[in-house]
Amino acid sequence: MNDTVEKLRENWRNLQAQLEQEAAQARERFRYSYQNGKVIFEDEARKRGRELKVRWSVFLRRARPWEIVTAPFIYALIIPFSMLDVFVTIYQAVCFPVYGIPKVDRKTHIAVDRQTLSYLNIMQKLNCVYCGYCNGLLAYVREVAGRTEYYWCPIKHARHLPDRHEQYQHFLEYGDGESWDEKFIAMKDKARACEGCDGCH
């Protein structure tokens with residue numbers, strides 16, 4: 001079992017390295033670099049992007065009527081999303097130091113950078129800022145929740161789940177009562193060490 005898990009982890013590390021290599025190739029192809037948290041395009045790439053931009057009036061004409069009608073429902077979610085952001089950030093600021101769990105680095109998960117693309121019009125940039133924030137926020141919240149679960153109840157579920165947070169692979173098997181009683185304190189120590197965690201403070 002341990003050999004299989006380690007092999008899967010190694011495959012995952014190799015896949016991550018491959019994905020990073022492909023990202024580097026894309027940066028070279030589209031003539032931009034990422035330095036000190038900022039995207040920097042070459043002059044030629046910015047110029048080409050401006051030539052490809054679709055005016056926002058044309059963008060709106062192309063939209064289907066129901067896309068326009070439902071837009072307020074999408075943007076209304078900014079209220080609960082913002083509240084979730086505040087409450088989860090306060091929660092980990094207060095509780096994680098007490099538990100000894102390393103804090104999740106919020107900026108590692110929330111990427112708002114697509115608005116710098118010169119080929120996007122103002123409406124598209126607004127949409128991209130919103131999507132980048134909301135999806136990044138959910139990734140951030142998931143990581144905070146995952147570390148909390150690792151600390152308090154690191155037991156796998158009875159049924160297979162299609163996608164879980166990074167720490168789930170370290171959890172104890174469902175139904176293994178002997179290991180639970182024996183290893184619960186050790187699992188808390190692992191949670192404090194942030195085994196399997198990414199983006200720690």
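The values are calculated or read from the model by the stated rules, or taken from the named source; none is laboratory data. Note that this is a predicted model, so its numbers are computed, not measured. As a convention, Cβ positions derive from the backbone with ideal geometry for all residues, glycine included, and neighbour counts pool all protein chains shown. Note: accessible area is taken over every heavy atom of the protein model, side chains too, but ligands, DNA and RNA are not part of it. Shrake-Rupley method; radii C 1.70, N 1.55, O 1.52, S 1.80 Å.
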Look at the stretch 1-31 and say how many of its residues are under 23 Å from R46 (Cβ atoms), in contact with a helix residue (DSSP H, G or I) (Cβ under 9 Å, 6 or more places away or on another chain) and basic (K, R).
1
Given the conditions (1) of a type in the set (A, V, I, L, M); (2) modelled with pLDDT of 90 or more; (3) over 30 Å from F59 (Cα atoms), which single one is not true for L138?
(3)
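Residues in the stretch 1-33 that are assigned to a helix (DSSP H, G or I) and under 26 Å from Q169 (Cα atoms): how many?
The first filter runs over the stretch 1-33 and keeps only residues assigned to a helix (DSSP H, G or I), leaving 2-29.
Imposing the further condition that a residue be under 26 Å from Q169 (Cα atoms) reduces the set to 2-21.
So the answer is 20.
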Quick one: Y150 ticks every box in (1) open to solvent by 80 Å² or more (accessible area, probe 1.4 Å); (2) closer than 20 Å to L8 by Cβ; (3) in a helix (DSSP H, G or I) except a single one, so which number is it?
(1)
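One line per residue, one yes/no per condition, for (1) open to solvent by less than 50 Å² (accessible area, probe 1.4 Å); (2) β-branched (V, I, T); (3) farther than 22 Å from Y75 by Cα:
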site	(1), (2), (3)
I101	yes, yes, yes
T108	no, yes, yes
C134	yes, no, no
H157	no, no, yes
Result of the Cβ filter at 6 Å on the stretch 60-74, keeping first residues that are at positive phi and partners that are in a helix (DSSP H, G or I), at least 6 apart or interchain, is none
If you go through E173, E166, E143, the only one that is among the acidic types (D, E), more than 29 Å from A76 (Cβ to Cβ), surrounded by 17 or more Cβ atoms within 10 Å (Cβ to Cβ) and touching a residue at least 12 places away in the same chain (Cβ under 8 Å) is E166
